[in-house]
Amino acid sequence: MDTALKYPWQQTIVDAFLELAPERLPQKLEAAERAIRERLYTPQQPDERERLALNDALHLLHVIFPDWRAVNSQTSPVSRTSANSPRLGP
């Protein structure tokens, strides 16, 4: 099995999953989410395979670490703003 990363943004996911210090985990998760979202919304859009990988990675972060935003919003003004912004959909 090839374990090489296919896309540069995947390294931020690996960094978050391998973080052992609980106090640094929110920053790693935020960096991973930011890298994913930046890639999703760049002018040079990812192809379909990369877009699927990006969406899967973002979903995975939220499934494995469902409460990290709540913990991080206590220390990060950026997270507080996004946490209080209106959500689209249900």
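The rows are residues; the columns are (1) β-branched (V, I, T); (2) surrounded by 16 or more Cβ atoms within 10 Å (Cβ to Cβ).
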{"position": "V14", "(1), (2)": "yes, no"}
{"position": "R24", "(1), (2)": "no, no"}
{"position": "E33", "(1), (2)": "no, yes"}
{"position": "R37", "(1), (2)": "no, no"}
{"position": "P43", "(1), (2)": "no, no"}
{"position": "A53", "(1), (2)": "no, yes"}
{"position": "A57", "(1), (2)": "no, yes"}
{"position": "H62", "(1), (2)": "no, no"}
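Which residue, of A31, A21, is of a type in the set (A, V, I, L, M), over 15 Å from the mean Cα position of the chain (by Cα) and modelled with pLDDT of 70 or more? Outline the logic, then answer.
Working: A31 fails: over 15 Å from the mean Cα position of the chain (by Cα).
Residue meeting the stated conditions: A21.
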Taking the stretch 59-77 and the residues there that are in contact with a helix residue (DSSP H, G or I) (Cβ under 9 Å, 6 or more places away or on another chain) and either over 20 Å from P22 (Cα atoms) or in a loop (DSSP other than H, G, I, E, B) (or both), the one that is modelled with the highest pLDDT would be F65
Residues (among the basic types (K, R) and assigned to a helix (DSSP H, G or I)) located in the stretch 11-30: K28
A4 being surrounded by 12 or more Cβ atoms within 10 Å (Cβ to Cβ) and either within 15 Å of the chain's Cα centre (by Cα) or at pLDDT below 90 (or both): no
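The values are calculated or read from the model by the stated rules, or taken from the named source; none is laboratory data. All values reported here derive from a predicted model rather than from experimental measurement. Virtual Cβ from ideal backbone geometry, glycine too; neighbours counted across all protein chains shown.
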